[in-house]
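First comes the structure, then the notes that go with it.
The values are calculated or read from the model by the stated rules, or taken from the named source; none is laboratory data. Note that the coordinates shown come from a computational prediction; the quantities given were computed from them, not determined experimentally. Heads up, the Cβs are rebuilt from the backbone with ideal geometry, glycines too, and the neighbour counts pull from every protein chain shown. Each accessible area value is taken on the protein alone, full model and side chains, heavy atoms only, with ligands, DNA and RNA left out. Shrake-Rupley method; radii C 1.70, N 1.55, O 1.52, S 1.80 Å.
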Amino acid sequence: MTYAVELTELDSIDAAHLRRHTTTADIGECVGMGLDALYTFVSEAGTAPNGPPQAAYPGDFQPGEELDLDLYLPVSGGFPAQGDIDIVTLDGGPAARTSHHGPYDKIGAAYEAVYEWVRENGRRPAGAPRELYLCGPDSTPDPDDYITDVVLPLRNE
């Protein structure tokens, strides 16, 4: 698959946030359970998400290793944190972005395309890459129909 990478501007957003520690082998299950917890939290707070769920990998991502995973569910309005879920603000600013169509286990090529674009354009990352889940298992049974944006925040230059 060929990936078109574009320079875009991210809006600053508030999000319910949950950090999990997992292994690369268990990412799918961890993301699913974590997002379920965030949706429940937001629903019980009497509100609804105002954007797609997101995941970020703040450390080094090495196959077969353990890693930290940040899950986000965009929300509006202020409400208190509860347990291990808090409310954070994701900064806006420039970002490199591409869309991956298909199963999550094939998303690595989208990351490669984004990082190659960043190198070729002399840009520098300003934080961890994020996955924005635009269409996933909650809306289609066929992984070939999943749509995930890979977004890498960039430093202002």
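Figures for the structure shown
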{"quantity": "Where a residue in segment 64-86 is part of a loop (DSSP other than H, G, I, E, B) and its partner, wherever it lies, is modelled with pLDDT under 95 and among the small types (Gly, Ala, Ser), with Cβ under 7 Å and at least six apart", "calculated": "PHE79/ALA45"}
{"quantity": "Condition met for GLY78 (out of contact with any Leu (no Cβ under 6 Å at 6 or more places or on another chain), within 24 Å of ALA113 (Cβ to Cβ) and of a type outside the set (Phe, Trp, Tyr))", "calculated": "no"}
{"quantity": "Output for segment 83-105, where each listed residue is within 18 Å of ASP145 (Cβ to Cβ), surrounded by 15 or more Cβ atoms within 10 Å (Cβ to Cβ) and either out of contact with any helix residue (DSSP H, G or I) (no Cβ under 8 Å at 6 or more places or on another chain) or modelled with pLDDT of 95 or more (or both)", "calculated": "THR98, SER99, HIS100, HIS101, GLY102"}
{"quantity": "Residue match in segment 29-48 (condition: on the phi > 0 side of the Ramachandran plot and open to solvent by 30 Å² or more (accessible area, probe 1.4 Å))", "calculated": "yes"}
{"quantity": "Selection count, segment 60-76, where residues are open to solvent by less than 50 Å² (accessible area, probe 1.4 Å) and either under 12 Å from ARG19 (Cβ atoms) or not aliphatic (A, V, I, L, M) (or both)", "calculated": "6"}
{"quantity": "Which numbered condition PRO137 misses (of (1) free of Cβ contacts under 8 Å to residues at least 40 places away in the same chain; (2) out of contact with any strand residue (DSSP E or B) (no Cβ under 8 Å at 6 or more places or on another chain); (3) open to solvent by 80 Å² or more (accessible area, probe 1.4 Å))", "calculated": "(1)"}
